[in-house]
Amino acid sequence: MILSSILAIVATMAAAEPISAGALLEATQVPPRGADARALADRLRASFPKSPDLKLGTHAPLVDHDAVAFVLDAPGAKSVRVTRMINHGRGLDLLPIGETGLWARVERIPTDTRFAFGYEVDGKAVGGGVVSMPDWSYPPESREKPGATYGKAVPLTFRSEVFKNDRTGWIYVPAAYDPAGPPAAVMVFQDGDAYLKEHVGTVADNLIAARQMPVTVLVLLNPGTNDDGKSNRSVEYDTLGDAYATFLETEVLPRVARDYRLRADPAGRAIGGASSGGICAFTVAWRRPDLFGRVCSQIGSFTDIRGGDAYPGLVRNAAKKPIKVFLHDGTNDLINEHGDWWQANQAMHAALKEKGYDVTFLQDRGFHAYWSCGRVLPEALRRTWSD
């Protein structure tokens, strides 16, 4: 009797037709119950033939063009949510599929994006992964071209006297750099390891070869590590003071200049970063336009982490400064207790434009991630260095 019941269940599941994310969206417009819920659950399970255990939450969601179906098996749970980058980092509740133990939700997500997801079951984190939507790709400038010559990343380690902590990073020397030639431009990036993973060196070499940016030595700095082992990232990047600019002026640039010939004029110096590294880039140039004349801020945290939401007002009320500003952000960026990143970047662009700055704002539908920055990095560098 028991064996026959099990065989019947297996036969039902085997006969169930898989369901697409778009069809699931239609099927859940009214919460399913009873036999309808059981039939829908069978179709959902049939849609994940290579995922034997939907409780783990490590399986990829179903993707149908821009419809993305998040499904988790959590019998007995009172609350199931999809988290991480979904809904601007705030997460969303999943819908129980009757009494079957399955939970699901379908969201419309732009097809040219990439995002991270995870789940929470009664407040406990479960599973997760990264999804590249159908039209997501890195640009051709992010890849090495056959026959082309590329530079090298030289490790950088030292002790900062300004911040009293240990530093790591990289100096990327492009293939076109000539020690006997004219001084090279220089561009500092915060979160250096992250930008190196986003192929910033390859992008720079390709743009230099195409004469779309000058020969530029890249200084890729990571946040400092304090003596207690903790990162000093927010203190260094989100603070609106001049300590980081002093750190660059007195410790970083002289150290790099020992081995490489660098331009000293502000027009030949740029600074960039993402998130807190983006507002840091702006703060440095805002405080010291004599040091850096170009800013490249991606998904910049012009929010109230450490008072960064004050910048639009500061820009409007202060005398115009001789800096060129590039901003980039996506409509799926964060919203949390510190503010709304998309609206904050819109406000920065409006204030800079109103004040007459040379400012451009590259807008897309991306999420708060380094890969969102990497996807537009060639265009970001073109605009940062254009005259």
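Where a number appears in this text, it was derived from the coordinates with a stated rule and is not lab data. In this text, all values refer to a predicted model and were calculated from it rather than measured experimentally. Cβ placement follows ideal geometry from the backbone for every residue including glycine, while neighbour counts extend to all protein chains displayed.
Numerical summary
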read-out: Approximate spin-label separation Y260-D193, in nm, with each point projected 7 Å along Cα-to-Cβ; value: 2.0 nm
read-out: In the range 233-337, chymotrypsin sites (Phe, Trp or Tyr not before Pro) in a DSSP loop with at most 16 other beta-carbon atoms within 10 Å; value: Y260
read-out: Part-to-part distance (alpha-carbon centres) for the range 191-232 and the range 115-168, which is given in Å; value: 11 Å
read-out: Using alpha-carbon coordinates, inclination of helix 200-209 to the longest axis of the chain, degrees; value: 60 degrees
read-out: Low-density loop positions, GluC sites (Glu not before Pro), the range 292-387 - DSSP coil, at most 14 other Cβ in 10 Å; value: E337
read-out: Linear extension gain, A210 paired with K353, 0.36 nm per residue minus alpha-carbon span; value: 48.5 nm
read-out: FRET efficiency for D93 and A310, using Cβ-Cβ distance with R0 set to 30 Å, rounded to 0.05; value: 0.30
read-out: Protection-proxy order for peptides 126-136, 67-77, 27-37, 269-279, each taking the mean of Cβ atoms within 10 Å per residue, highest first; value: 269-279, 67-77, 126-136, 27-37
read-out: With Cα atoms, 0 to 90° folded angle of helix 276-287 axis to the chain main axis; value: 20 degrees
read-out: Extension gain (nm, one decimal) between D242 and H65, 0.36 nm per residue minus Cα-Cα; value: 59.0 nm
read-out: DSSP beta bridges in the chain [antiparallel fraction, %, rounded to 5]; value: 60 percent
read-out: FRET efficiency estimate (nearest 0.05) - Cβ-Cβ, D364 to A15, R0 41 angstrom; value: 0.40
read-out: Correct choice for Rg and Dmax of the Cα atoms in Å that was computed from the model, options [x] 28.7, 122; [y] 20.5, 78; [z] 24.9, 87; value: [z]
read-out: Potential extension, E144-T225 segment - 0.36 nm per residue separation minus Cα distance; value: 25.9 nm
read-out: Degrees between helix 34-46 axis and first principal axis of the chain (Cα, 0 to 90, nearest 10); value: 50 degrees
read-out: Neighbourhood charge, 9 Å Cβ-Cβ cut-off, centred on Y244 and excluding it, Lys, Arg +1 and Asp, Glu -1; value: -1
read-out: Residue-by-residue Karplus 3J(HN,Hα) for the range 148-160, coefficients 6.51, -1.76, 1.60, Hz, glycine and proline x; value: 7, 9, 10, x, 9, 9, 9, x, 10, 9, 6, 9, 8
